[in-house]
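Right, one structure below, let's go through it.
The values are calculated or read from the model by the stated rules, or taken from the named source; none is laboratory data. Values in this document were obtained by computation on a predicted structure and should not be read as measured data. Methodologically, a virtual Cβ is constructed for each residue, glycine included, from the backbone with ideal geometry; neighbour enumeration extends over all protein chains shown. Note: accessible area is taken over every heavy atom of the protein model, side chains too, but ligands, DNA and RNA are not part of it. Shrake-Rupley method; radii C 1.70, N 1.55, O 1.52, S 1.80 Å.
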Amino acid sequence: MYSYIINNAIEYIKELFASDFTGHDFQHTMRVYKMATVLAQKEGADIFVVKLSALLHDADDRKLSPDTCEHKDRARAFLRENEVDDETTEKICTVINQVSFKGADSVSPDTLEGKCVQDADRLDALGAVGIARAFAYGGSHHRAMYDPEIPPRPNMGEQEYFTSESTTVNHFYEKLFLLKSMMNTDTARVLAEHREQFMRDFIAEFMNEWNVQF
Ligand code: ADP
Ligand code: NI
């Protein structure tokens with residue numbers, strides 16, 4: 001259904017994120033799009049809304065595009081150009097609004113479509129890809145990988161979360177290990193369990209190597 005609009009969205013996102021190296025790149029969006037579609041099929045959500053919301057979920061992200069974030073101007077312009085009706089546009093913008101993580105104050109979407117896209121976005125911050133993204137993000141923001149002198153601070157509120165200058169390893173404790181318990185769907189919870197365990201094993205190995213006994 002409407003596969004040309006989906007293809008247009010893929011092309012639009014590819015161009016928009018051509019120069020992003022912070023972890024919000026085109027490939028992140030494509031992984032979220034595929035995972036959200038899998039979750040939507042299992043959960044019986046509206047596939048068209050899920051696909052477009054996933055593809056557009058970072059187009060007006062607060063960190064990438066602070067000026068268009070509030071009203072989702074880019075997503076709306078794309079949907080208008082592709083003649084998506086007003087009701088569907090509102091559904092998609094609602095889903096996009098509910099998706100992003102805002103520290104411990106994060107909202108749980110009240111639509112099944114929102115739950116699928118939020119879970120898919122969060123799953124992409126976990127596992128092997130999640131580890132790679134975290135260090136890529138940390139490097140691009142000139143953060144230390146790890147500093148034993150700086151302890152992690154979990155349970156930060158929205159303001160604190162956005163202003164925190166922590167290390168990348170701390171980010172695992174401040175955000176990534178909190179995600180499993182915040183999954184909305186059972187399918188995502190199972191995947192999150194496996195991905196988190198992989199990350200915990202990685203951190204254990206990392207600490208072993210860091211703490212050389214001499
Ligand atoms: P989302 O894709 O849900 O909008 P974010 O913008 O919070 O997520 O993060 C995008 C990616 O960058 C994620 O993989 C996340 O782990 C990583 N990231 C965000 N903040 C940090 C940080 N302070 N240190 C390391 N990685 C981070
Ligand atoms: Ni995202």
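Matching residues to (1) modelled with pLDDT under 95; (2) within 13 Å of ligand 2 (Cβ to nearest atom); (3) touching a strand residue (DSSP E or B) at 6+ places or on another chain (Cβ under 7 Å):
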site	(1), (2), (3)
Leu79	no, no, no
Asn82	no, no, no
Glu87	no, no, no
Cys93	no, no, no
Gly127	no, no, no
Phe135	no, no, no
Tyr146	no, no, no
Asn155	yes, no, yes
Ser166	yes, no, no
Within the stretch 59-73, how many residues turn out to be modelled with pLDDT of 90 or more and over 16 Å from Thr94 (Cβ atoms)?
2
State the number of residues belonging to the stretch 12-59 that are assigned to a helix (DSSP H, G or I) and on the phi > 0 side of the Ramachandran plot.
0
Starting from the stretch 121-135, take each residue that is part of a helix (DSSP H, G or I) and open to solvent by less than 50 Å² (accessible area, probe 1.4 Å) and list its partners that are small (Gly, Ala, Ser) and within 13 Å of ligand 2 (Cβ to nearest atom), counting only C-beta distances under 8 angstrom and pairs at least six apart or across chains.
Asp121/Ala36; Asp121/Ala54; Asp121/Ser100; Arg133/Gly23; Arg133/Ala125; Ala134/Gly23; Ala134/Ala125
Filter the stretch 21-42 down to residues that are among the aliphatic types (A, V, I, L, M), under 16 Å from the mean Cα position of the chain (by Cα) and crowded, with 24+ Cβ neighbours inside 10 Å and give me whichever is farthest from ligand 2 (Cβ to nearest atom).
Leu39
Being crowded, with 18+ Cβ neighbours inside 10 Å and away from ligand 2 (no atom under 11 Å from the Cβ) is true for just one of Ala54, Ala45, Ala18. Which residue is that?
Ala45
Could you pull out the residue among Asp67, Asp60 that is within 13 Å of ligand 2 (Cβ to nearest atom) and of a type in the set (Asp, Glu)?
Asp60
Scope the stretch 168-190; condition closer than 26 Å to Ser140 by Cβ and either assigned to a loop (DSSP other than H, G, I, E, B) or aliphatic (A, V, I, L, M) (or both); matching residues
Val169, Lys175, Leu176, Leu178, Leu179, Met182
Cβ-Cβ under 8 Å, sequence separation 6+ or interchain: first residue in the stretch 174-193 and over 9 Å from Asp119 (Cβ atoms) and open to solvent by 30 Å² or more (accessible area, probe 1.4 Å), partner part of a loop (DSSP other than H, G, I, E, B) and modelled with pLDDT of 95 or more. Which pairs?
Lys175/Ala125; Lys180/Leu126
Anything in the stretch 64-101 that is open to solvent by 50 Å² or more (accessible area, probe 1.4 Å) and outside any helix (DSSP H, G or I)? List them, or say none.
Leu64, Glu70, His71, Glu83, Asp85
Taking the condition over 23 Å from His171 (Cα atoms) and at pLDDT below 95, does Asp110 pass?
yes
For the stretch 20-53, which positions are out of contact with any Ser or Thr (no Cβ under 7 Å at 6 or more places or on another chain) and away from ligand 1 (no atom under 16 Å from the Cβ)?
Thr37, Val38, Ala40, Gln41, Gly44, Ala45, Asp46, Phe48, Leu52
